[in-house]
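The values are calculated or read from the model by the stated rules, or taken from the named source; none is laboratory data. Everything quoted here is computed from the prediction, not taken from an experiment. Note that each Cβ is placed from the backbone with ideal geometry, even for glycine, and that neighbours are counted across all protein chains shown. Keep in mind that these areas ignore ligands, DNA and RNA; they rest on the heavy atoms of the full protein, side chains included. Shrake-Rupley method; radii C 1.70, N 1.55, O 1.52, S 1.80 Å.
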Amino acid sequence: MTSKYLKIEESNGLQYLKIDNPLAQATVSLQGAHVSWWRPKSTTEDVLWLSTDARFEKGRSIRGGVPIIWPWFGQHPTDNSYCIHGFARVIPWELVKSEDLKNGATKLLLRMVPTQEVKKQLSYDFSLELIIIIGESLSTNLTTTNNASFPFVISEGFHTYFYISDIENIKIKGLESAVLTDKVNNFKKDIEGDVITFSGSEFDKVYLNNSNDCFIEDEKFNRVITVKKSNSNSTVIWTPGENKAKKMGDMGAEGEWRRMVCVEAVNALENNVVIYPGKSHTIGSEIAVQEY
Ligand code: TA6
C-alpha cells in the first residue's frame, strides 16, 4: 500500500517526495530525510522557513525546514572536518513505506542508508528510521536502534527553522525558569528568566533537562506555533543575528534571517542518550499552528 498523494521527483541527482493531501502539502528530500517544506492548507502563511539561498546539492544540508541532528550536536568531538550536527542530514535515506491515514494525513517511513563514509565516521552498527506524518500538524519521530554489542551515546533531534513575521515581533513561551547553557557566552550556565524575546542580536541557547512544549507567539501573523516534544530533554533556541547570518552565506537576502527562528527538539550536551545493545530510542516532535 502506498500513498496516493505522493509523487517522487528528481532534480540535480537528488530525489524529493512531494506530498499534496487533503490537509497539507510538503516536500521531503530523501538526502537527509529532510522536510524542506510543509504547509497545512488551513494556514495563511508558511510555517517553516526555507532560505532563498538554500542549496539542493549532494552532500550539503538544506538551509531551512527540518534538518536532522544525529549522532552528534554541533562540531564533531574530534574531527571538525565532519558535518556539524552529524551526517544524518547529508547522506542518502530510502523510502520504505508510505500510507494515507483515515484522517487525511500521509505517513512516511524512511530509513538511513549507511554509506562507506558513514561507516568511517561511526564505527558501530546501528539503524536509523524516521516516521513523518504530514497533516494539520507535522510530526517527526526518529528511532535509533543499537545493533552493536556495546552501548553507545548519541545526540539527536530536529533543527527546525520556523517562518515568523520578524525576530523582534515574537515571544517564545514554555522555557521560563529553565536551566540553559549560552553558546554565545562560552556555554555559560544560566536560568531563563521569563518569556523569551529577541533584540535582533545572535541568540543561541540550549535549554537542558527540560521536556516542555514551546509556543512561538507571533502577533503580526496572528498565530501561535506549538512545538510539542517526546523523549526530548533539551531545546535549542537560535537566531543568528546580522553578522553571523552574513557569514553563513546561505541565509538568503539582506535581512531574510529576521524572518526565521529555530526551536529545536533535541537531546544534546548533558542530555545525550545512551542506547544499549539491541535497544531502541525514539525522539519525537509535533508542530502545529493556531491562527486567531
Ligand atoms: O542549533 C544552533 C546552532 O548550533 C548554531 O550554533 C548554528 O551553528 C546553527 O546551529 C546552524 O548550524 P548549521 O550546521 O546548520 O549551519
query = Hey, quick one: spin label on residue 290, modelled 7 Å out along Cα-Cβ, who in region 184-198 has an amide N within reach, i.e. under 19 Å?
reply = 195-196
request  = Taking every pair of alpha-carbon atoms in region 94-170, give the share separated by more than 22 Å as a whole percent.
outcome  = 44 percent
request  = Report the equivalent ellipsoid semi-axes for region 38-95 in whole Å, largest first, defined as the square roots of five times the eigenvalues of the gyration tensor built from alpha carbon atoms.
outcome  = 26, 12, 12
task = With just the Cα atoms of region 121-160, tell me how far they stretch along each of the three principal axes, in Å, largest first.
result = 41, 17, 15
note = Short to long, in 10 Å steps from zero, the percent of alpha-carbon pairs of region 152-282 per bin is 12, 42, 33, 11, 2
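Please compute the length gained on full extension between residue 101 and residue 247, using 0.36 nm multiplied by the number of residues separating them and subtracting their Cα-Cα distance.
Values: separation 146, 0.36 × 146 = 52.56 nm, distance 4.30 nm.
Value of the extension gain: 48.3 nm.
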query = Working from the pairwise distances between different alpha carbons, so that the mean of 1/r is found and then inverted, what is the chain's Kirkwood radius in Å?
reply = 19.3 Å
note = Between residue 126 and residues 5 or more places away or on another chain, the pairs with built amide H atoms under 5 Å apart involve 147
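Grab the beta carbon distance between residue 179 and residue 2, set R0 = 51 Å, and tell me the FRET efficiency rounded to 0.05.
0.70
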key: Proximal lysines to residue 244, defined as alpha-carbon separation beneath 17 angstrom and excluding residues fewer than eight positions away on the same chain   = 183, 205
inquiry  = Need one number: nm distance between label points at residue 127 and residue 115, each 7 Å from Cα along Cα→Cβ, rounded to one decimal.
reply    = 2.2 nm
message = Run the helix sum for the chain: -39,500 (n - 2.57) per DSSP H stretch of 4+ residues, divided by residue count, reported at 222 nm to the nearest 500 deg cm²/dmol.
response = -1000 deg cm²/dmol
ask   = Under a plain spin-label model, where a point goes 7 Å from the Cα along Cα-to-Cβ, how far apart in nm are residue 75 and residue 46?
value = 3.1 nm
note = To the nearest 0.05, the calculated FRET efficiency linking residue 58 and residue 191 through their beta-carbon distance, R0 being 30 Å, is 0.10
query = Using alpha-carbon positions, what is the distance between the centroids of region 118-137 and region 1-68, in Å?
reply = 17 Å
ask   = In terms of Cα to Cα distance under 19 Å, which aspartates and glutamates are near enough to residue 279, apart from those fewer than 8 places away along the same chain?
value = 125, 129, 156
ask   = Once all Cα-Cα distances of region 1-135 are split into 10 Å bins that start at 0, what whole-number percent is in each one?
value = 12, 41, 33, 12, 2
remark   = Expressed per residue, the solvent accessible area of region 38-192 in Å² (1.4 Å probe) is about 43 Å²
ask   = What lysines sit close enough to residue 41 to cross-link, taking a C-alpha to C-alpha distance under 28 Å and skipping anything fewer than 8 places away on the same chain?
value = 4, 7, 18, 97, 102, 107, 171, 173, 220, 228, 229
